[in-house]
Amino acid sequence: MKLVRFGSPGAERPGLWMEDRGAPEILDVRAMAYDIADYDQHFFTHWGLDRLRGLLLEKNQKRISATGVRLGPPTPTPTNLICVGKNYAEHAAEFDSQIPTEPILFAKSPTSLIGPNDSITIPAEFGEVDAEAELAVVIGIHAHRVTEAEALSHIAGYTLMNDVTERRAQREAGQWFRGKSFDTFAPIGPCLVTADEFGNPQDQPIQSRLNGNVLQDGNTRDMLFSVARIISYISATLTLQPGDIIATGTPPGVGFARTPPLFLRSGDAIEIHSPRIGSLSNPIIRA
């Protein structure tokens, strides 16, 4: 299943992305099951995914055309938005040449999340804004001190995130949180592909494209630390909650590492793509 949330910002409704009749449609989940308010912790801990599978079996489905409908983040604001730094060796090399021996974790503000086609805003006082294509996972079951063998069973699904970063703010702050947490700096989506349909998370191509030109062209098989290793490592320290998002790192090719550096500018369009999930396609504007 492909879970989406649709509607105006702050008023999104839960839905399912459907393409079985040709033109894309959205199954309006709340119109069929009024008690499913959102894809939140209550949903994941009360057999929500099983209920969605039941809705797909019903004959009288409530669907709308997906044409012109805004998609929001596929899950509401999480408790934790955790990112993994330098998780591809070639990206670590272009960053500072130091290959980590354990996952590097940092937080990104959940308030930076936006939908898959919403605008990324360059802050007025900054201009070194960069894109990072990442596979992201959404936790579906509480995870506390889980083993690597258990870890993947705690995932509700997979999506894409653009870990947008203002490089000057990142440098000047001496840490990563500020430069990565500006409003609009976490486009995510377009959907959440359930774990049972996604396949092997360690064999997924991922690209970023600036104005149609490929910047990053990687594959998750090149991660230094697998998705299972990341979840096990994080859960040894804190309990992951249903709905928490983990961005698993970015492959090489980011803008700041190029000669000359290639930063996002007003009027650009940045796309993040992976075949099983789809695309984020966000226009760039300046505050």
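Of note:
- Selection status of ARG145, modelled with pLDDT of 95 or more and surrounded by fewer than 15 Cβ atoms within 10 Å (Cβ to Cβ): yes
- When ALA107, ALA92 are checked against the criterion of being within 22 Å of MET161 (Cβ to Cβ), of a type outside the set (Lys, Arg) and exposed (fewer than 15 other Cβ atoms within 10 Å of the Cβ), a single residue qualifies: ALA107.
- Elements of the type strands (runs of 3 or more DSSP E) sitting completely within region 1-59 and holding at least 1 residues that are closer than 21 Å to HIS142 by Cα: these cover 2-6.
- Sole exception among (1) of a type outside the set (Ser, Thr, Tyr); (2) surrounded by fewer than 23 Cβ atoms within 10 Å (Cβ to Cβ); (3) at positive phi for GLY189, by number: (2)
- For the condition basic (Lys, Arg), in contact with a helix residue (DSSP H, G or I) (Cβ under 6 Å, 6 or more places away or on another chain) and over 17 Å from PRO116 (Cβ atoms), ARG221 does not qualify.
- Residue in region 39-46 that is among the hydroxyl-bearing types (Ser, Thr, Tyr), within 17 Å of the chain's Cα centre (by Cα) and at pLDDT 95 or above present: yes
- Checking each residue in region 220-277 for being touching a Lys or Arg at 6+ places or on another chain (Cβ under 6 Å) and either within 18 Å of TYR88 (Cβ to Cβ) or not hydroxyl-bearing (Ser, Thr, Tyr) (or both) picks out ALA236, PHE256, GLU271.
The values are calculated or read from the model by the stated rules, or taken from the named source; none is laboratory data. Computed from a predicted model, the values in this text were never measured in an experiment. Note that each Cβ is placed from the backbone with ideal geometry, even for glycine, and that neighbours are counted across all protein chains shown.
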